[in-house]
Amino acid sequence: MKRELSLDDIESLAVGAWILGTGGGGNPYLPLLNMRLLYRQGHRVHLIDSNELADDALVGTVAGMGAPLIGQERLNDSLTLARAVTLMERHLGRKFDALMSMEIGGSNGIRPFMAAAHLDLPVVDSDTMGRAYPELQMTSVAVGDLSGYPVSLVDVRGFESVVHKVPSWKWAERVARKVCTEYGSTAATCQPPRTGAEVKEWGIHGTTTKAIAIGAAVREAQRKHTDPVAAILSVEPGKLLYKGKVIDVARRTTEGFLRGVVRFDGLDEYRGSAFTINFQNEWIVGSRDDQPVVMTPDLICVLDSVTGEAVGSETIRYGQRVTVIALPPTKIFLSPKGLQHVGPRAFGYDLDFRSVFSA
Amino acid sequence: MRRIGIDVGGTNTDAVLIEEGKVVRAVKAPTSEDVTTGILDSLKSLGSTGVLQGKKIDGVMIGTTHFINAVVQRRSLTKVAALRLGMPASASLPPFCDWPEDLAALVRGGVWMVEGGHEYDGRLFMPLDEAAVTKAAGEMKAAGLKSVGISAIFSPLDPGHERRAAELVSKIIPDAVITCSSDLGRIGLLERENAGLLNAALADLARDTIAAFEKAIADSGIAAPLFITQNDGTVAEAAQARRLPVYSFASGATNSMRGAAYLSGLSDAMVIDVGGTTTDVGQLKHGFPREANSVVKVGGVRTLFRMPDLLSIGLGGGSHVQLASEQGPLKVGPVSVGYRLLKEGIAFGGKQLTTTDIAVATGVLELGDQKKVAHLDAATCKRVFAEAARMAEEAIDRMKTEAGDVPLIAVGGGAFLIPEKLPGVSKVIHVEHGDCANAVGAAIAQVSGECDQIFKDLSRAEALSAAQGIANDRAVAAGAARASLATIESEDMPLAYLPGNSVRVRVRVVGDVAAG
């Protein structure tokens with residue numbers, strides 16, 4: 001059923017998408033600000049379910065690429081995202097029937113709506129990560145061996161590039177990343193087009209609705225001064241893993257990624273127990289008393305214990321009171337092929353994946 | 001060194017005289033509606049014993065909440081022309097786009113966006129469209145706007161476009177007061193621009209207030225330069241404070257913490273500042289408050305300022321006390337009688353039971369009339385103190401960044417609420433003149449310089465050293481003596497997704513005010 005999103009839904013989406021960002025994905029504040037202004041100007045956006053797509057429908061996947069810090073200076077421009085979509089349409093010689101999100105986690109969870117507001121296209125309630133991940137091959141469509149090209153990249157000054165053909169998703173990531181870097185490390189992109197059938201088979205479904213529900217639960221708890229973490233766990237089948245205080249953050253960049261480890265000291269019933277999380281933009285592996293207890297693709301969400309809002313790996317700092325929860329990943333990532341793409345070894349951790357949700 | 005420190009608070013205007021590192025005299029006077037009368041009164045009271053007679057004063061340092069109150073209360077603000085250099089980027093989020101509508105309506109004189117700005121590595125994003133800047137300036141002039149806020153993409157890395165645009169605007173509007181966002185540092189265009197626009201909105205108020213401060217000092221017969229204390233515990237010369245009033249937004253709390261460090265002789269400790277209504281808890285690192293790392297909202301506007309990281313709770317000397325009854329358990333605060341304590345407290349003949357009444361009943365304080373609170377039994381008072389201690393303990397634990405026990409300095413008029421022993425605290429330190437710690441902090445303030453920018457293809461050590469050089473030069477330009485400079489903050493943040501070895505480095509140095 002096609003439904004119009006209210007601005008309140010989008011406010012909730014911003015809170016929920018940041019939580020599903022699992023530490024990365026960029027804070028959705030600037031995309032949210034764009035949506036507020038677009039709604040004030042009279043624009044509206046609509047959500048549809050994947051099963052409403054005809055098998056031969058064409059779906060454009062919208063994402064911003066680059067360093068969040070650059071976005072803080074150049075801001076985010078909704079028309080530029082729309083141009084990435086129309087460039088892809090020109091390249092394909094065919095119009096899209098709908099848009100979707102590559103990555104529900106973080107700012108990319110909202111960007112398809114920024115383009116959709118200008119293009120009058122509905123947005124499919126599906127994405128290809130169900131969270132945030134740092135690279136293009138870490139998607140359900142890459143696990144499904146769907147085509148990793150073409151990719152369109154535009155910049156606000158009018159630059160337009162298309163990565164027309166590459167042998168693999170990893171190459172798509174490498175070539176597109178080079179173009180993005182030349183643009184000034186920020187680009188609006190339209191990812192490889194998908195048919196309705198592909199979206200239905202390989203999309204991760206209901207994720208925008210999920211992000212809205214999580215955000216709405218947190219915002220309601222904030223209004224009522226009740227426990228926001230409990231509110232999240234009442235709408236999602238998640239697990240509370242730990243409560244504590246940040247006592248150390250070590251960061252370094254390697255190969256263009258922000259890697260590091262955060263150490264926590266337990267509070268309340270976790271007093272006396274130590275917790276660490278290793279990250280590569282996103283939270284990757286969490287260990288309690290030096291034993292790995294939670295790892296990708298399970299979603300590791302670090303939340304501000306008071307507000308329930310997400311805490312990101314770029315901004316987490318000493319002394320913050322946080323609660324760590326896990327949310328279940330899409331089944332697509334639990335297959336051997338899925339784990340090759342996004343399991344702990346894909347991030348350099350020699351661990352056999354074990355979900356906190358497997359009994 | 002002989003300095004006078006003045007803190008203009010919501011209730012009292014405190015003044016201290018410090019000579020060769022010692023507090024010679026500390027006084028309090030009620031804060032006046034016009035601010036300057038309170039300063040005159042406190043200076044008169046400070047000098048009433050003749051301590052200022054025939055003495056050369058090296059500086060008068062004033063901490064004031066005047067500027068932040070103007071923003072919060074939406075008064076005395078100037079209409080601002082916003083000029084952003086960054087087109088075609090950022091067009092969908094124009095200046096003032098995330099301001100509360102009531103404040104935007106007061107301040108927004110007009111918005112102009114033209115091509116310009118840089119990239120993260122210093123390359124040009126777009127050449128500056130000088131003709132468009134000149135045309136914008138003409139329109140500003142026609143609209144009668146004289147206060148201008150200029151922002152450009154990545155201007156903290158290269159302020160060239162903002163400076164050039166300021167020149168061009170000055171040619172068309174010679175008496176324009178211009179704020180460049182690069183003077184306010186920090187990466188994050190909207191937040192930096194917001195800080196610049198707030199600063200521009202305070203142009204007239206800053207000019208008038210600082211002139212009034214200078215007059216109050218002169219009228220008191222003191223011949224000394226005026227300094228205004230800033231959010232980070234340092235001072236700016238009057239001329240710079242007039243240009244950048246937003247830097248003085250949160251100086252009150254900072255001054256208390258700096259004063260606590262000075263009076264106790266400790267540079268690394270927790271500080272609890274118990275006022276009449278609220279208690280602020282913060283942490284001293286190298287004698288300065290630890291700074292908040294995140295976005296700070298001022299009057300509803302998101303900004304990035306150097307602000308101390310503080311936790312405020314509703315506990316103070318005027319806090320309402322509700323004794324345990326059928327209606328509920330014992331409760332202290334958050335409501336307070338505030339400056340009406342001397343009228344409304346029970347010990348003073350009023351009807352509201354406050355924490356001060358409890359202290360009077362137990363003999364901790366000798367104030368008011370102890371007979372009026374004689375009905376409060378010792379066990380009850382003990383429970384109230386225990387509740388206040390519990391609230392303080394929780395706040396301290398929240399703000400601690402290390403697991404072990406740390407020393408705690410208790411200052412402020414309500415410091416009597418802090419017991420000698422608290423869990424998680426190695427030692428509670430009460431200091432002489434602790435009730436005027438804020439004015440002491442103002443009197444001892446130093447000068448700072450900061451660098452926050454991205455370095456590429458340098459080793460970590462090289463990047464840190466380059467940043468340090470820039471910060472040192474800025475501190476000297478702000479009036480510090482080079483030989484006294486010390487680095488008090490240094491952090492580096494590798495940047496995800498940027499090519500090469502990009503690292504964002506932030507260094508802050510401080511030094512003593514150079515002898516005039």
With the requirement that a residue be in a loop (DSSP other than H, G, I, E, B) and under 18 Å from residue B:337 (Cβ atoms), what does the range B:365-404 give you?
B:365, B:367, B:368, B:369, B:376
Mind checking whether some residue in the range A:134-152 is within 14 Å of chain B (Cβ to nearest Cβ) and crowded, with 24+ Cβ neighbours inside 10 Å?
yes
Being buried (at least 19 other Cβ atoms within 10 Å of the Cβ), among the basic types (Lys, Arg) and away from every other protein chain (no Cβ under 14 Å) is the requirement here; does residue B:135 meet it?
no
Looking at (1) in contact with a helix residue (DSSP H, G or I) (Cβ under 9 Å, 6 or more places away or on another chain); (2) assigned to a helix (DSSP H, G or I), which one does residue B:218 not meet, given that it meets all the others?
(1)
Somewhere in the range B:16-30, is a residue in a strand (DSSP E or B), under 30 Å from residue B:133 (Cα atoms) and not hydroxyl-bearing (Ser, Thr, Tyr)?
no
Checked the range A:127-186 for anything hydrophobic (A, V, I, L, M, F, W, C), under 21 Å from residue A:329 (Cβ atoms) and without any contact (Cβ under 8 Å) to a residue 40 or more places away in the chain; matches are A:169
Looking at A:282, A:309, which one is within 14 Å of chain B (Cβ to nearest Cβ), surrounded by 22 or more Cβ atoms within 10 Å (Cβ to Cβ), of a type in the set (D, E, K, R) and under 19 Å from the mean Cα position of the chain (by Cα)?
A:282
Run residue A:230 past the list (1) without any contact (Cβ under 8 Å) to a residue 60 or more places away in the chain; (2) under 24 Å from residue A:318 (Cβ atoms); (3) not in a loop (DSSP other than H, G, I, E, B) and report the number of the one that doesn't hold.
(2)
I'm trying to understand the selection: among the residues of the range B:74-107, which are under 19 Å from residue A:36 (Cβ atoms), without any contact (Cβ under 8 Å) to a residue 40 or more places away in the chain and either facing chain A (nearest Cβ under 8 Å) or buried (at least 18 other Cβ atoms within 10 Å of the Cβ) (or both)?
B:91, B:92
Kindly indicate the residue of the range B:210-245 that is in contact with a Phe, Trp or Tyr (Cβ under 9 Å, 6 or more places away or on another chain) and of a type in the set (Gly, Ala, Ser) and also surrounded by the fewest Cβ atoms within 10 Å (Cβ to Cβ) among those meeting that condition.
B:238
Residue, farthest from the other protein chains (Cβ to nearest Cβ), within the range B:174-191, restricted to residues that are touching a residue at least 40 places away in the same chain (Cβ under 8 Å) and crowded, with 24+ Cβ neighbours inside 10 Å
B:179
Do any strands (runs of 3 or more DSSP E) lying entirely in the range B:101-186 carry at least 2 residues that are in contact with a strand residue (DSSP E or B) (Cβ under 6 Å, 6 or more places away or on another chain) and over 17 Å from residue B:244 (Cβ atoms), and which ones are they?
B:108-115
Give all pairs with beta carbons closer than 6 Å in which a residue from the range B:220-233 that is over 19 Å from residue B:37 (Cα atoms) meets a residue that is among the charged types (D, E, K, R); count only pairs at least 6 apart in sequence or on separate chains.
B:231/B:306; B:232/B:306; B:233/B:258
Could you tell me which of the residues B:362, B:354 is in contact with a strand residue (DSSP E or B) (Cβ under 6 Å, 6 or more places away or on another chain), surrounded by 16 or more Cβ atoms within 10 Å (Cβ to Cβ) and of a type outside the set (Gly, Ala, Ser)?
B:354
Residue B:418 being outside the structural domain of residue B:29 (by TED's automatic domain parsing), under 25 Å from residue B:440 (Cβ atoms) and crowded, with 18+ Cβ neighbours inside 10 Å:
yes
Go through the residues of the range B:84-97 one by one and say whether even a single one is closer than 30 Å to residue B:178 by Cβ, assigned to a strand (DSSP E or B), hydrophobic (A, V, I, L, M, F, W, C) and touching a Lys or Arg at 6+ places or on another chain (Cβ under 8 Å).
no
Of the residues B:355, B:362, B:380, which is touching a residue at least 60 places away in the same chain (Cβ under 8 Å) and away from every other protein chain (no Cβ under 14 Å)?
B:355
When residues of the range A:159-175 are filtered for being within 15 Å of residue A:141 (Cβ to Cβ), crowded, with 18+ Cβ neighbours inside 10 Å and among the small types (Gly, Ala, Ser), how many remain?
1
Examine the range A:182-200 for a residue that is closer than 30 Å to residue B:115 by Cα, within 14 Å of chain B (Cβ to nearest Cβ) and under 16 Å from the mean Cα position of the chain (by Cα), and state whether such a residue exists.
yes
Please work out which one of (1) within 11 Å of another protein chain (Cβ to nearest Cβ); (2) assigned to a strand (DSSP E or B) is the condition residue A:272 fails and give its number.
(2)
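The values are calculated or read from the model by the stated rules, or taken from the named source; none is laboratory data. Bear in mind that the values here come from a model prediction, so they are computed numbers and not experimental data. All Cβ positions, even for glycine, are placed from backbone atoms using ideal geometry, and neighbour counts span all protein chains on display.
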